Amino acid sequence: MPAEAYLWFKSLHIIGVVVWFAGLFYLVRLFIYHVESNDLDEPIQSAFKSQYVLMEKRLANIITTPGMVLTVLMASGLLIIQPSWLGQRWMQFKLLFVAGLLIYHFFCYRIMSQLESDECNWSGRQLRALNELPTLLLVIVVLLVVFKNQFPTSAASWLIVSLVIFMAASIQFYARWRRLRKENSEIM
Ligand code: HEM
């Protein structure tokens, strides 16, 4: 196989990752809007729900799953060309976290079908918390693949990680504060 093949597989692998995550992030956002449409009056509620079911199915089947398939297929190509990666510790950890991501992916399908049959017991707040999981997995997997066996452990590295977590948490708190303020102004 030409040496260029590895780079093609890697480029398409990264494109697959971007598409997969775009789908995963937006899918759970749609679940949140879907669950929160329970607060609407009929017949608007039914109209919104059937629109969300359609959007969720299209997003999952046309964007999210093809992104996942592309990621996994291209990753298999990379491993066929360079099987020695499999013996490395960072790759074994990466595969563990990717397995978690795949479980999350199929779990989203489960929630999607529960939403379609109006049997979903997840609240908007629980779904918001669930939506943090792929972000965490993304950060861990990218750090593993970039740093490989030199995974950062120095104080400076942890300072950067803490800063990123602090920024992400601040954005979440601000969004929550705005939501609560809006809810309170609607009650009054
Ligand atoms: C099916 C599971 C996966 C396998 C077997 C796999 C395998 C690989 C391999 C062998 C490489 C090339 C490493 C190199 O040449 O340095 C790679 C690169 C990469 N992978 Fe994966 N991968 C998988 C899933 C993922 C996922 C889910 C993500 C994102 C969350 C991801 C993100 C990346 C990135 C960003 C690179 C480029 C790193 C670089 O060039 O420095 N991979 N992957």
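Look at (1) in contact with a helix residue (DSSP H, G or I) (Cβ under 8 Å, 6 or more places away or on another chain); (2) among the hydrophobic types (A, V, I, L, M, F, W, C); (3) farther than 19 Å from Lys148 by Cβ and you find that Ala3 fails only one, number (1). Taken as a whole, the structure places Asn149 among residues that are assigned to a helix (DSSP H, G or I), loosely packed, with under 15 Cβ neighbours inside 10 Å and of a type outside the set (Ser, Thr, Tyr).
The set of residues in the range 107-119 that are assigned to a loop (DSSP other than H, G, I, E, B) and among the polar types (S, T, N, Q) contains only Ser117. The set of residues in the range 69-84 that are under 25 Å from the mean Cα position of the chain (by Cα) and hydrophobic (A, V, I, L, M, F, W, C) comprises Val69, Leu70, Val72, Leu73, Met74, Ala75, Leu78, Leu79. The set of residues from the range 1-33 being without any contact (Cβ under 8 Å) to a residue 24 or more places away in the chain and either away from the ligand (no atom under 14 Å from the Cβ) or touching a strand residue (DSSP E or B) at 6+ places or on another chain (Cβ under 9 Å) (or both) comprises Pro2, Tyr33.
Taking the listed residues Gln114, Gln45, the one that is at pLDDT 95 or above, away from the ligand (no atom under 16 Å from the Cβ) and more than 23 Å from Leu143 (Cβ to Cβ) is Gln114, with no other qualifying. A single member of Leu144, Leu86, Leu130 is loosely packed, with under 13 Cβ neighbours inside 10 Å and touching a helix residue (DSSP H, G or I) at 6+ places or on another chain (Cβ under 7 Å), and it is Leu86. For the range 153-170, the candidate set comprises residues that are modelled with pLDDT of 85 or more and aliphatic (A, V, I, L, M); within that set, the residue that is farthest from the chain's Cα centre (by Cα) is Leu159. Please go through the range 89-99 and pick out each residue that is within 10 Å of the ligand (Cβ to nearest atom) and surrounded by 12 or more Cβ atoms within 10 Å (Cβ to Cβ). Scanning the range 89-99 gives Trp90, Met91, Lys94, Leu95, Phe97, Val98. Does Glu36 satisfy the criteria of being more than 16 Å from the ligand (Cβ to nearest atom), of a type in the set (Asp, Glu) and either surrounded by fewer than 17 Cβ atoms within 10 Å (Cβ to Cβ) or without any contact (Cβ under 8 Å) to a residue 24 or more places away in the chain (or both)? Yes, satisfied.
The values are calculated or read from the model by the stated rules, or taken from the named source; none is laboratory data. Just so we're clear, the structure is a prediction, and the values are computed from it rather than from any experiment. Using ideal geometry, Cβ is built from the backbone for each residue, glycine included, and neighbour counts are taken over all protein chains shown.
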